[in-house]
Amino acid sequence: MITRGPRPQPPTAAQEPTGARPFSFFRAGNRVDAAGREKPILVLEDVYKYFDRDRPVLRGANLTIDRGEFVFVTGPSGAGKSTVLQLIYRKLTVDDGRILFCGRDIARLTGDSIPFLRRNLGIVFQDFKVVPHWTVAENVAVPLEILSMPQKVVRARIAEALERVGLAGRGGHRTGTLSGGEQQRVAVARAIVTEPALVLADEPTGNLDPQLALDILTLFEEINASGITVVFATHDHSLLEARPHRLVVIDEGRVFEARSGGEVWAGSHAAARTGTNATPSSQAVHGLAAREALDGADLVSLQHVPG
Amino acid sequence: MDLYTAFLRARRGMREDAKLYVVASSSLVVAFLCLAAAVLAMTNLSAVSERWSRSGRMTIYLRDGVSEADAQRLRETLAALPEVESAVSLSSAEARAQFTRDADLGGELAGLAADAFPASVELTLRLGTSGERAEEIAARIGRVSGVEGVETYRAFFARLTSLVAAGQTAALCAALLVLVCVLAVVGNTIRLAVAGRRDEIEVLKLCGATDGYVRGPFLVEGGLQGFVAALLALALLGAAFFALRGPLDGTVAALTGVRVAFLAPGVALAIAFGGGVAGVLASAVSLRRYLAV
């Protein structure tokens, strides 16, 4: 388990304009200033979440994600992958602990401020959550219209986003007539059209066949390459094996580091990154592997995790 | 969110739920038609009441056989009274001709006897003459030989006043009924629209829409529904009014002394905008109950 480092401090009064909405100071994507690039974009500190008082879904979950990272989040069904994401975009509220997004504790946000948090996030779901009777352009335009952007800018941004997801020229099509993979691309375009700081993908390939799943993953990698941080929750082992991104496992209510990005697991690397003696998550990961094996599912490739 | 964006999104929503809005608006048109008709009736009754309360009119009917010279003398005597502004003598034939002209019934009155109406003297009292003073004058005139009777129209005016009061109560009841109707119809329409657009609302919230942004178009839709329904009702009432005014106006004018009039532009606008406000109110109540954003 990754233990806590020093608590990141929220912005000082000098950094944040007086009376401004939370996150209104934030600049998305790769346009963040140099000081901002040094800070982790997302920190979970001792996060607890209960749906049932006796069985917490999360118990003391800790996680630090740096700006520009691509992070796979995996774990068995019901482990709390979606819960973590829902806590980040504040569909749910933590029962204890802190979640810092760009240094701000979003767990304590009031209801009025939550929309302003979400404007800095792009969210993609397994069931796409697109409006089928709207056109592709209308679906992608939603976040821009919420920001009251001029129509000229909206049109330009939509065209750019559709180009990025491979749907150039399809803006006028009714979304409901598109295939599943294309609808998911529409959802991805909607998520990135405002160039958010962080994209949360909650099982985005769950409804797609393996080839389409790989295509969508590639799309997220391209998005990540443009400087946007991506948190990609999936239990699709083929995807986890196909790409060497950082991998965190949620199991038994805790978050374990299973693999660091682009290289094999090294406990010292994680320790150095978090500033504490991080504990490799082998037991939990092996526990997960054992459970998946019992389920007859493919095993996560964990040969790089020290035993 | 600005009003323009809310309006654009409301337009899209109404287009998607066009059938729902057409059915709902039709019910509202009927409701507003009742209200506008009640207000129209009230407006004209009030005009009649106003006309008669201000006129201070008095008609002195002369006995049969009173000579024209006597009638003229009586007119001159009455015209000299300080409370009398004007006194006009009307012979039996003139009264008949006037009625025939005002009633606008043409040949149907051709068979009326020449002396069907008694000769009379029409008095117009000066403004500010009290009802009591008018009654005193009427009593004194009534004692003059050759005078058959004096009509002060007080009883008619009293009946008219109570009729206007009853009409006002009826119009108020109609207004309340329409408000309840608008609340129910618009409220339910918005409830159905919210249920039909649950997915859109979820998408908006996930993309960072504020509660106001989500609610805005529904409020606009409610307001538009009320406003357009009220406007259509006024248009229908106007069409019916102008179609019927031709044949009725002369008769009504002859009977009451007032020409029928349509709603004043201010009143019509008040009904239309009142419909809009009631729609917004109904939508807000419905959203409060059914839209958990």
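Computed from the coordinates by the stated procedures, all read-outs in this text should not be read as laboratory data. Predicted model, so just to flag it, every value in this text is computed and none were measured. Don't worry about glycine lacking a Cβ; one is built from the backbone with ideal geometry, like all the others, and counts go over all protein chains shown.
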*Descending semi-axes in whole angstrom, ellipsoid equivalent of region A:151-233, from the Cα gyration tensor*: 19, 17, 10
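Find how much the distance from B:D211 to B:D199 grows on full extension, using 0.36 nm per residue of separation minus their present alpha carbon separation; answer in nm with one decimal. Don't jump to the answer; show the numbers that get you there.
Numbers: separation 12, 0.36 × 12 = 4.32 nm, distance 1.52 nm.
Contour length minus Cα-Cα distance gives 2.8 nm.
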*Which angle between 0 and 90 degrees, to the nearest 10, do you get for helix B:3-16 versus the longest principal axis of chain B when only C-alpha atoms count?*
80
*Gaussian network model of chain B, Cα springs within a sub-10 Å range: biggest mean-square fluctuation belongs to which of B:L35, B:L219, B:L192?*
B:L192
*Using θ = phi - 60° and the Karplus relation 6.51 cos²θ - 1.76 cosθ + 1.60, list the HN-Hα couplings for region A:43-59 in order, rounded to whole Hz, with x at every Gly or Pro.*
9, 9, 10, 6, 7, 10, 9, 10, 9, 10, 4, 7, 10, x, 6, 10, 9
*Share of Cα-Cα pairs in region A:87-212 beyond 25 Å, in percent?*
28
*Under Karplus coefficients 6.51, -1.76 and 1.60, residue-wise ³J(HN,Hα) of region A:253-260 in Hz, glycine/proline x*: x, 10, 10, 10, 8, 9, 6, 8
*Count, for each residue of B:206-217, the Cβ atoms from other chains sitting within 10 Å of its Cβ, then give me the mean as a whole number.*
6
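Under 37 °C and 0.692 mPa s, how fast does chain B diffuse according to Stokes-Einstein, given a Kirkwood radius computed over C-alpha pairs? Answer in µm²/s, whole number. Kindly include the intermediate steps, with their values, before the conclusion.
Values: Rh = 23.4 Å.
My calculation gives 140 µm²/s for D.
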*For helix B:265-290, report the angle its Cα long axis makes with the longest principal axis of the Cα atoms of chain B; keep it between 0 and 90° and round to the nearest 10°.*
30
_Pick from B:V22, B:V30, B:V185 the residue whose mean-square fluctuation is largest in a GNM of chain B, springs joining Cα atoms under 10 Å._
B:V22
*Which whole-angstrom value gives the distance between the alpha carbon centres of region B:126-187 and region A:171-205?*
71
*Remind me, what semi-axes does region B:1-160 give for its equivalent ellipsoid, largest first in whole Å, using sqrt of 5 times each Cα gyration tensor eigenvalue?*
55, 21, 12
*When chain B is modelled as a GNM with alpha-carbon springs shorter than 10 Å, which of B:V164, B:V29, B:V88 fluctuates the most?*
B:V88
*Amide H partners (placed H, <5 Å) of A:V255, local residues excluded*: A:N62
*Please work out the C-alpha center-to-center distance from region B:222-293 to region B:63-106 and express it in whole Å.*
43
*Assuming 1.567 mPa s and 4 °C, estimate D for region A:136-183 with Stokes-Einstein, Rh taken as the Kirkwood radius over Cα pairs, in µm²/s.*
119
*Using the Karplus curve 6.51 cos²θ - 1.76 cosθ + 1.60 with θ = phi - 60°, work out ³J(HN,Hα) for each residue of region A:150-160 in order, rounded to whole Hz, and write x for Gly and Pro.*
x, 4, 4, 5, 4, 4, 5, 5, 4, 4, 5
*For A:L58, enumerate residues with amide H under 5 Å from its amide H, sequence gap 5+ or separate chain, H modeled in the peptide plane.*
A:K49
_C-alpha long axis of helix B:211-256 to longest principal axis of chain B, angle in °_ = 20
*Excluding B:S92 itself, what net charge comes from residues whose Cβ is under 9 Å from its Cβ, given Lys and Arg +1 and Asp and Glu -1?*
-2
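Return one quarter of the surface area of the convex hull spanned by the alpha-carbon atoms of region B:214-265, equal to its mean projected area, in nm². Show your work: numbers first, answer last.
Values: hull surface 17.4 nm².
Averaged projected hull area, Cα only: 4.3 nm².
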*Which order, highest average first, do A:230-242, B:146-158 follow once you tally other Cβ atoms within 10 Å for each residue and take the mean per peptide?*
A:230-242, B:146-158
*Sticking to Cα atoms, compute the Rg of region B:154-254 to one decimal and its Dmax as the biggest Cα-Cα distance, whole number, in Å.*
22.1, 72
*Name the residues whose placed amide hydrogens come within less than 5 Å of the amide hydrogen of A:W134, ignoring near sequence neighbours (fewer than 5 apart) on the same chain.*
A:T175, A:G176
*Take the Cα pairs of region A:50-99, get the Kirkwood Rh, then feed it into Stokes-Einstein at 25 °C and 0.890 mPa s and tell me D in µm²/s.*
203
*For region A:82-136, which trypsin sites (Lys or Arg not before Pro) are in a loop by DSSP, counting at most 16 other Cβ atoms within 10 Å?*
A:K91
